[in-house]
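Read-outs throughout are calculated quantities, based only on the coordinates presented, and are distinct from any laboratory measurement. The structure displayed is predicted, hence computed values, not measured ones. Quick reminder, even Gly has a Cβ in these numbers, built from the backbone with ideal geometry, and neighbours come from all protein chains shown.
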Amino acid sequence: MLTPEQLKVLKERLEEEKAKLLERFRKIEDTQSKIGEQIREPGDQEDISQMTYTQEVLDNLSSREMFVIREIDYALQKLQAGTYGVCEYCGEYIEYERLLAIPWTRYHAVCAEKAEEEGIVPTYTPLIFEGTLPEEMEIQREDITEA
C-alpha cells in the first residue's frame, strides 16, 4: 500500500509528465501547421514527399502522446477516487518502484504482459450526468415529430 508521501510524489510526477506531453503536443501541432503551409506552396516532388512523410511521423507521435495523456488523466482520477496503484488485472498493489517508472501504469509488469497477450484494451469510465428535471418542468421540442 502506498503512503501519503508516495502518493504525493506520484501525483506530482503525473502532473509534470502531462505538462511536458502537452507542451510537446503543442510544438508538434505548430510544426504540422508549418509543414501544411509549405506543402501548399509549389515545390519539387522530393520536398513534398519529405514533408508528407514528416507529417505522417508527427501524426503518429501525437496520437501516442495523446494516449499517454488520457492514461495520465485516468490515473489522476483513480488517485482522487482512492483506487490508484491497484493492478487492474490481479487486484494487488503495484510496486512503488514501477509506479515511479511509469506512474500511469494500470498493471504489474507480469500482469501487463498477460493483458497484452490477451488483447485487453484500456477503457475509461465515462462521466455520466444523471440530471433530473423538476416534476413541473417539461421539455418540448418542435424539431421532433412522432413517427
Inset, instruction - Tell me which residues come under 5 Å, amide H to amide H, from Val86 once H is placed; ignore anything under 5 positions away on its chain. - result: Ile94
Legend entry - Candidate lysines for bridging to Lys27, where Cα separation is under 16 Å - those fewer than 8 sequence places away on the same chain excluded: Lys18
Inset, instruction - For a label point 7 Å from the Cα of Tyr93 along Cα→C-beta, name the residues of region 1-27 whose backbone N is under 13 Å from it. - result: 1-7
Legend entry - Computed E for Leu7/Asp73 - FRET, C-beta separation, R0 22 angstrom, nearest 0.05: 0.85
